[in-house]
Every structure is written in C-alpha cells, then in structure tokens.
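Student: One structure, pasted below without further comment.
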Amino acid sequence: MTLFLLGLVGVLLPVSYLYTASKLPPMDSEFDVEKQLKHSIEGERMSLVSGMYVKPDRPITFTKPDFTRLPKDLVALYITQLGCPTYFQTPREDGAKWAWRLFIGAFMGSQIPGDGGCERILSMRIARRLGVKDPYQLAVAAHKIHSFLQKDQLIAYDLAIQRFERGVVGVEDVTLKVFGKELEKLSLAELAELQIVLPPYNYYYDMRTCHNAPLIKSNRDLMLAEIANWELITVEKAKNAMAQPVSCTLRK
C-alpha cells in the first residue's frame with residue numbers, strides 16, 4: 001500500500017507541476033523574464049512621462065540587470081538584512097533540498113534554514129513582479145526562475161524591479177529620487193541609508209521627507225555594525241560611516 005501511494009504521488013506531482021507551469025506567463029529563460037519586465041516597467045514609466053511638460057533626463061528604458069554595477073557594500077547590506085550574510089559563501093541550492101524547500105514553503109508556510117531560503121525569497125519576488133500570486137503557482141514559477149538565474153543574478157534582478165511609487169522602479173531610480181545622484185556616487189553611509197528604503201524596511205517616504213532623522217541614523221548605524229560583525233567590511237570603515245550625519249539633514 002505504501003509503495004502504491006508513493007508511486008501515485010510520483011505520478012501526480014509531475015502532472016500537477018506541468019499543469020501549473022502551463023498556466024504561468026512565459027518564463028523558460030532569462031530572455032522571457034527580461035522581456036516581460038521590460039514591457040511592464042517601461043510601460044509604467046512611459047505613462048508617467050507622457051503627462052509631463054518637461055521630460056526627465058533619465059531614459060525610460062529597462063536595461064538587463066547587471067550585478068557587476070552594484071556597489072559591493074550595498075550587496076553586503078542587502079544580503080545581511082535579507083537574513084543571509086553568507087549568501088555568497090555557500091553553494092547554490094539545487095536538487096531534492098531545493099524542491100523540498102519550495103514544497104514546505106508553498107503548502108506549510110514554513111521556512112527551512114539556510115541560504116537557499118534567500119534564493120527562494122528572491123525567486124518568488126521576481127515571480128510576483130511577473131504577476132504570479134497563487135502560492136503553488138509562485139512555487140512553480142520560483143523553481144523555473146531559479147533554474148536559469150544564478151545567485152548574483154537573483155540579487156541584481158530583485159534590486160532592479162523593486163517598485164517604490166509610480167514610475168520609480170529599481171535601486172537606480174530610487175537612488176536618484178532620494179539622494180539626487182547616481183548609485184555609484186553614494187558613500188557607505190548613504191548606501192546604508194538606501195538600505196532603509198529597500199526591503200525589509202521599505203521606508204521610502206520617511207527617507208524622502210527626512211522623517212525622524214535620529215531613528216534613520218540609529219537603524220543605519222545598526223546595519224553598518226552588523227555587516228562589520230560579519231566581516232563584510234572593516235570595523236574602521238563602519239565607524240567612519242557611522243560618524244557621518246544623516247544625508248537628508250544636509251539637504252534641508
């Protein structure tokens with residue numbers, strides 16, 4: 001009887017997976033994902049720009065996310081606040097453990113420890129941006145996306161598709177909106193403040209309005225201390241950044 005049930009599950013799960021996959025938007029390659037994101041994000045930006053008398057200098061095009069363009073200190077902050085400071089020190093999760101992680105997450109709502117959990121979170125965020133909502137569909141979509149995006153690409157895509165308000169999409173857009181300069185020109189202190197705008201905090205409007213600067217500084221310094229504790233930056237570098245005033249107070 002047990003062998004029969006195992007055999008039945010072995011048949012039903014693949015059939016269920018293939019059926020669910022057939023209901024998803026095309027996502028069998030990076031090209032599929034990039035094409036849909038480009039259409040969605042450029043459409044949103046175009047709808048905003050079309051109503052402006054003075055057109056912005058920044059192009060509305062969505063370019064393929066490039067991990068090498070991201071500041072290393074921002075990546076250190078991001079993976080630490082994601083809960084995976086050792087994300088790039090552990091191998092990519094695949095096979096039975098990855099499948100089990102998706103199953104547990106989809107049907108039981110629980111999380112298995114390990115950096116694979118962050119791979120799952122990032123894959124599912126990308127899937128949600130493609131319009132996938134149902135928990136089981138998200139698991140299938142995350143599996144498909146994870147099959148062709150490497151660990152660094154998952155980070156790059158996730159940071160490129162975060163939506164903050166209409167037409168403000170991605171870490172480069174929000175950097176210009178909050179700090180008034182390009183991402184590569186941010187100091188370490190400013191990168192830590194940028195992290196407050198990003199998940200899991202999402203304090204976009206607080207940063208734009210400089211609401212409660214002492215709290216912004218406290219959270220910023222805590223994150224700097226954390227990445228120094230994980231030896232992702234030196235303690236001296238963290239202390240120098242902590243000594244800086246909150247950037248929004250200098251613009252008031």
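The values are calculated or read from the model by the stated rules, or taken from the named source; none is laboratory data. Nothing here was measured: the structure is a model prediction, and the numbers come from that model. Note that each Cβ is placed from the backbone with ideal geometry, even for glycine, and that neighbours are counted across all protein chains shown. Keep in mind that these areas ignore ligands, DNA and RNA; they rest on the heavy atoms of the full protein, side chains included. Shrake-Rupley method; radii C 1.70, N 1.55, O 1.52, S 1.80 Å.
Student: If R163 meets every condition in (1) out of contact with any strand residue (DSSP E or B) (no Cβ under 7 Å at 6 or more places or on another chain); (2) closer than 23 Å to D32 by Cα apart from one, which number is that one?
Tutor: R163 satisfies all of (1) out of contact with any strand residue (DSSP E or B) (no Cβ under 7 Å at 6 or more places or on another chain); (2) closer than 23 Å to D32 by Cα except (1).
Student: Among the residues of segment 192-211, is any touching a residue at least 60 places away in the same chain (Cβ under 8 Å), surrounded by fewer than 21 Cβ atoms within 10 Å (Cβ to Cβ) and of a type in the set (D, E, K, R)?
Tutor: Scanning segment 192-211 turns up no residue that is touching a residue at least 60 places away in the same chain (Cβ under 8 Å), surrounded by fewer than 21 Cβ atoms within 10 Å (Cβ to Cβ) and of a type in the set (D, E, K, R).
Student: Right, next: Checking E34 against (1) part of a loop (DSSP other than H, G, I, E, B); (2) over 26 Å from E193 (Cβ atoms), only one condition comes out false. Which one?
Tutor: (1)
Student: If you don't mind, there's one more thing I want to ask. Name the one entry in G83, G114 that is open to solvent by less than 50 Å² (accessible area, probe 1.4 Å), touching a residue at least 24 places away in the same chain (Cβ under 8 Å) and small (G, A, S).
Tutor: G114
Student: Shifting gears a bit: Using the structure shown, decide if L70 is under 26 Å from A241 (Cβ atoms), more than 13 Å from the chain's Cα centre (by Cα) and of a type outside the set (D, E).
Tutor: Here the answer is no, as L70 does not meet what is asked.
Student: Now, a different point. Conditions first: (1) under 13 Å from the mean Cα position of the chain (by Cα); (2) surrounded by fewer than 22 Cβ atoms within 10 Å (Cβ to Cβ). G180 passes all but one, so which condition is the exception?
Tutor: For G180, the exception is condition (1).
Student: Can you find a residue in segment 151-171 that is at pLDDT below 95, of a type in the set (D, E) and in a helix (DSSP H, G or I)?
Tutor: No.
Student: Follow-up. Determine, yes or no, whether V140 is among the hydrophobic types (A, V, I, L, M, F, W, C), buried (at least 20 other Cβ atoms within 10 Å of the Cβ) and either part of a helix (DSSP H, G or I) or touching a Cys at 6+ places or on another chain (Cβ under 8 Å) (or both).
Tutor: yes
Student: Answer yes if at least one residue in segment 85-103 is modelled with pLDDT of 95 or more and in contact with a Leu (Cβ under 6 Å, 6 or more places away or on another chain), and no otherwise.
Tutor: No, segment 85-103 has no match at all.
Student: A further question follows. Could you tell me which residue of segment 117-137 is surrounded by the most Cβ atoms within 10 Å (Cβ to Cβ), considering only residues that are part of a helix (DSSP H, G or I) and among the basic types (K, R)? Break it down stepwise before answering.
Tutor: So the first thing to find is which residues in segment 117-137 are part of a helix (DSSP H, G or I), and the list is 117-129, 135-137.
Those left that are additionally among the basic types (K, R): 120, 125, 128-129.
Details: R120: 26, R125: 19, R128: 14, R129: 20.
Going through the qualifying residues, I end up with R120.
Student: If I go through segment 83-101 residue by residue, how many of them are in contact with a Cys (Cβ under 9 Å, 6 or more places away or on another chain) and part of a loop (DSSP other than H, G, I, E, B)?
Tutor: Total meeting the criteria: 3.
Student: Now, a different point. Look through segment 87-111, keep the residues that are hydroxyl-bearing (S, T, Y) and without any contact (Cβ under 8 Å) to a residue 40 or more places away in the chain, and return whichever of them is surrounded by the most Cβ atoms within 10 Å (Cβ to Cβ).
Tutor: Within segment 87-111, the match that is surrounded by the most Cβ atoms within 10 Å (Cβ to Cβ) is T90.
Student: How many residues does segment 153-177 contain that are acidic (D, E) and either open to solvent by 30 Å² or more (accessible area, probe 1.4 Å) or closer than 23 Å to P245 by Cβ (or both)? Reasoning before the result, please.
Tutor: We begin by selecting, within segment 153-177, every residue acidic (D, E); these are 158, 165, 172-173.
Among the residues that remain, those that are also either open to solvent by 30 Å² or more (accessible area, probe 1.4 Å) or closer than 23 Å to P245 by Cβ (or both) are: 165, 172.
So the count comes out to 2.
Student: Looking at T80, is it touching an Asp or Glu at 6+ places or on another chain (Cβ under 8 Å) and not in a loop (DSSP other than H, G, I, E, B)?
Tutor: yes
Student: Read through the list (1) modelled with pLDDT of 95 or more; (2) more than 18 Å from P71 (Cα to Cα); (3) among the small types (G, A, S), then give the number of the only condition that A139 fails.
Tutor: (1)
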